[in-house]
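The values are calculated or read from the model by the stated rules, or taken from the named source; none is laboratory data. The shown structure was predicted, so the numbers you read here are calculated from the model rather than taken from an experiment. Here the Cβ positions follow ideal geometry from the backbone for every residue, glycine too, while neighbour counts run over all protein chains shown. To get the accessible areas, we keep the full protein, side chains included, count just its heavy atoms, and leave off ligands, DNA and RNA. Shrake-Rupley method; radii C 1.70, N 1.55, O 1.52, S 1.80 Å.
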Amino acid sequence: NFERYRSIGGTSMEVTNVEVVPIDDLNVMARVGWRFSYDRSKDRKRGLMDFTNFYFLNASDGPLRIFAAVTPDEEAALRQEGLVS
């Protein structure tokens with residue numbers, strides 16, 4: 001995904017917030033806030049986009065591992081910003 005973001009002018013992806021919610025002894029949900037910064041020299045379009053992803057993690061085999069993720073409609077948000085058509 002990062003290569004795609006770079007191709008549309010992305011300069012950085014920054015974690016802005018992490019909130020962990022226990023589900024049970026082996027599972028947690030992490031709500032992660034992200035900030036996408038972009039700067040396209042070809043049309044001088046610069047800006048920031050904030051969004052939140054939800055990750056579900058399990059520790060049954062040792063360290064926590066992501067087994068599912070829920071993300072917003074990033075494609076629609078990128079279209080709305082004029083970064084993709």
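For the stretch 23-57, the tally of residues that are over 14 Å from Leu78 (Cβ atoms), surrounded by 14 or more Cβ atoms within 10 Å (Cβ to Cβ) and among the hydroxyl-bearing types (Ser, Thr, Tyr) stands at 2.
Taken over the stretch 8-22, the criterion of being over 15 Å from Gly47 (Cα atoms) and either open to solvent by less than 50 Å² (accessible area, probe 1.4 Å) or out of contact with any Gly (no Cβ under 6 Å at 6 or more places or on another chain) (or both) is satisfied by Val15, Val18, Glu19, Val20, Val21, Pro22. Listed by first and then second residue, the pairs with beta-carbon distance under 8 Å, at least 6 apart or on different chains, first residue in the stretch 1-30 and in contact (Cβ under 8 Å) with a residue 60 or more places away in the chain, second loosely packed, with under 12 Cβ neighbours inside 10 Å and among the charged types (D, E, K, R), form an empty list. Taking every residue in the stretch 69-85 that is touching a residue at least 24 places away in the same chain (Cβ under 8 Å) and on the phi > 0 side of the Ramachandran plot and pairing it with any residue that is open to solvent by less than 80 Å² (accessible area, probe 1.4 Å) and assigned to a strand (DSSP E or B), at least 6 positions away or on another chain, the pairs with Cβ-Cβ distances below 7 Å are Gly82/Lys45. Against the definition (open to solvent by 50 Å² or more (accessible area, probe 1.4 Å), of a type in the set (Ser, Thr, Tyr) and closer than 18 Å to Glu3 by Cβ), how does Thr71 come out, yes or no? Yes, satisfied.
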